[in-house]
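Following: one structure in structure tokens, then a few remarks.
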Amino acid sequence: MAYQIIKCGGSVLDQLPESFYQEVITLIEDYQAQPVIVHGGGPMVSSLLTDLNIETKFVNGMRITTEEVLDVVEMVLSGTINKKLVRAIVENGGEAFGLSGVDGKLLLARAIQSKQQLGYVGEVVSVNTTPLKMVLEQGKIPVISPVAIDETGQRWNINADLAAAAVAKALKAPLYMVTNVPGVLKDGSVISELTANEAEKMIAAGQIYGGMIPKVQAAIDCLREGVQKVAIINGQEEKSLIKQVSGKNAGTLFALDEAVETPANLEAGRV
Ligand SMILES: Nc1ncnc2c1ncn2[C@@H]1O[C@H](COP(=O)(O)OP(=O)(O)O)[C@@H](O)[C@H]1O
Ligand SMILES: CC(=O)N[C@@H](CCC(=O)OP(=O)(O)O)C(=O)O
């Protein structure tokens with residue numbers, strides 16, 4: 001059984017067609033895979049913060065997180081969104097088990113190392129795979145909310161792309177980032193294969209901005225840490241998940257520039 005990490009972005013959660021959940025279930029039935037879902041929900045958090053008249057601001061795709069913001073982040077991500085996803089899987093014939101990074105210290109975090117003051121924004125220092133494997137052994141799909149904990153019991157707001165990357169690295173599993181665009185775009189076209197160097201140039205040039213920055217940085221970090229495959233795909237495009245899992249062209253596949261034997265590098269003849 002092979003683990004597959006699927007990150008569902010908040011940009012697309014409300015638009016995911018039923019076929020998306022069916023594809024996830026197909027991975028178990030036809031591809032002998034063990035999918036693990038990590039979700040975001042940034043737009044839903046922003047919307048409730050606005051309703052509550054709480055100011056919210058992002059720096060390079062990271063939400064500045066006060067104690068007041070943290071309450072709303074946990075309520076929306078570990079509550080509403082997490083349970084919605086579990087129910088969507090059940091409605092489509094699957095079995096799911098929702099949990100947050102706080103539960104069983106699944107995601108152990110510390111303050112993110114950043115030049116800016118971001119408040120309670122964390123980075124994952126370790127992933128406790130035991131509760132995850134317990135859920136997987138029961139034949140259920142773990143659905144993980146990116147709120148993490150530290151040894152003192154403090155909770156931390158983790159960007160969902162970074163949380164998904166930490167899980168992919170811990171399980172040494174491919175990572176599929178499901179979002180609302182067909183992949184990384186340049187001049188309106190999808191880049192089907194993006195190398196770390198090109199991606200870093202595009203960030204510096206402002207061609208990759210906002211929420212795409214942590215996504216691309218997480219992808220590169222995963223490859224450098226030995227994850228074999230990372231891709232960004234469009235959740236609304238039918239079969240994009242199955243296509244990418246089975247090695248067909250869909251979305252953006254990442255590659256390292258160095259001569260490392262990733263599937264993409266092998267295919268492109270770089271190694
Ligand atoms: N080069 C790029 N190609 C595609 N999307 C980009 C690019 N640069 C920035 N973006 C933005 O990144 C968004 C996806 O990030 P985000 O909204 O955080 O998604 P998610 O909630 O799925 O994590 C896109 O909708 C788009 O507005
Ligand atoms: C630190 C940080 O920015 N945390 C994110 C967590 C949710 C997230 O990442 O959601 P998407 O995947 O939909 O962007 C936030 O508060 O919005």
Starting from region 47-65, take each residue that is open to solvent by 20 Å² or more (accessible area, probe 1.4 Å) and list its partners that are part of a strand (DSSP E or B), counting only C-beta distances under 6 angstrom and pairs at least six apart or across chains.
Met62/Val121; Ile64/Gly119
Residue among Gly188, Gly210, Gly206 that alone is under 23 Å from Leu16 (Cβ atoms) and of a type in the set (Gly, Ala, Ser):
Gly210
Helices (runs of 4 or more DSSP H) completely within region 1-103 that count 1 or more residues being out of contact with any Asp or Glu (no Cβ under 9 Å at 6 or more places or on another chain) and among the polar types (S, T, N, Q):
10-13, 18-31, 42-51, 82-91
Any hit, region 94-113, residues being more than 18 Å from the chain's Cα centre (by Cα), open to solvent by less than 90 Å² (accessible area, probe 1.4 Å) and among the polar types (S, T, N, Q):
no
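Yes/no per residue for (1) of a type in the set (S, T, N, Q); (2) in contact with a strand residue (DSSP E or B) (Cβ under 9 Å, 6 or more places away or on another chain); (3) assigned to a strand (DSSP E or B):
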| position | (1), (2), (3) |
| --- | --- |
| Val135 | no, yes, no |
| Met202 | no, yes, no |
| Gln228 | yes, no, no |
| Ile233 | no, yes, yes |
Given the criterion at pLDDT 95 or above and either aromatic (Phe, Trp, Tyr) or within 11 Å of ligand 2 (Cβ to nearest atom) (or both), identify the matching residue among Gly61, Gly40, Gly79, Gly93.
Gly40
May I ask you to verify whether Gly98 is away from ligand 1 (no atom under 15 Å from the Cβ) and within 17 Å of Arg155 (Cβ to Cβ)?
yes
Which members of region 68-83 meet the condition of being touching a residue at least 40 places away in the same chain (Cβ under 8 Å), open to solvent by less than 20 Å² (accessible area, probe 1.4 Å) and away from ligand 1 (no atom under 16 Å from the Cβ)?
Val69, Leu70
(1) in a loop (DSSP other than H, G, I, E, B); (2) open to solvent by less than 70 Å² (accessible area, probe 1.4 Å); (3) acidic (Asp, Glu): which one isn't true of Glu123, the others all being true?
(1)
If we ask which residues in region 1-24 are under 18 Å from Glu237 (Cβ atoms) and more than 15 Å from ligand 2 (Cβ to nearest atom), their number turns out to be 9
Mind checking whether some residue in region 210-222 is over 24 Å from Val125 (Cβ atoms) and not in a helix (DSSP H, G or I)?
yes
Among Thr195, Thr179, the single one that is open to solvent by less than 30 Å² (accessible area, probe 1.4 Å), of a type in the set (Ser, Thr, Tyr), away from ligand 1 (no atom under 14 Å from the Cβ) and touching a residue at least 40 places away in the same chain (Cβ under 8 Å) is Thr195
Considering only residues that are among the polar types (S, T, N, Q) and out of contact with any Phe, Trp or Tyr (no Cβ under 6 Å at 6 or more places or on another chain), look in region 135-167 and name the one that is surrounded by the fewest Cβ atoms within 10 Å (Cβ to Cβ).
Thr152
Members of region 166-200 that are in a strand (DSSP E or B) and away from ligand 2 (no atom under 16 Å from the Cβ):
Leu185, Lys186, Ser189, Val190, Glu193, Leu194, Thr195
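The values are calculated or read from the model by the stated rules, or taken from the named source; none is laboratory data. Every value quoted in this text rests on a predicted model; they were computed, and no experiment measured them. In this analysis, Cβ positions are derived from the backbone assuming ideal geometry, glycine residues included, and neighbour counts consider all displayed protein chains. SASA here: full protein model, heavy atoms, side chains in, ligands and nucleic acids out. Shrake-Rupley method; radii C 1.70, N 1.55, O 1.52, S 1.80 Å.
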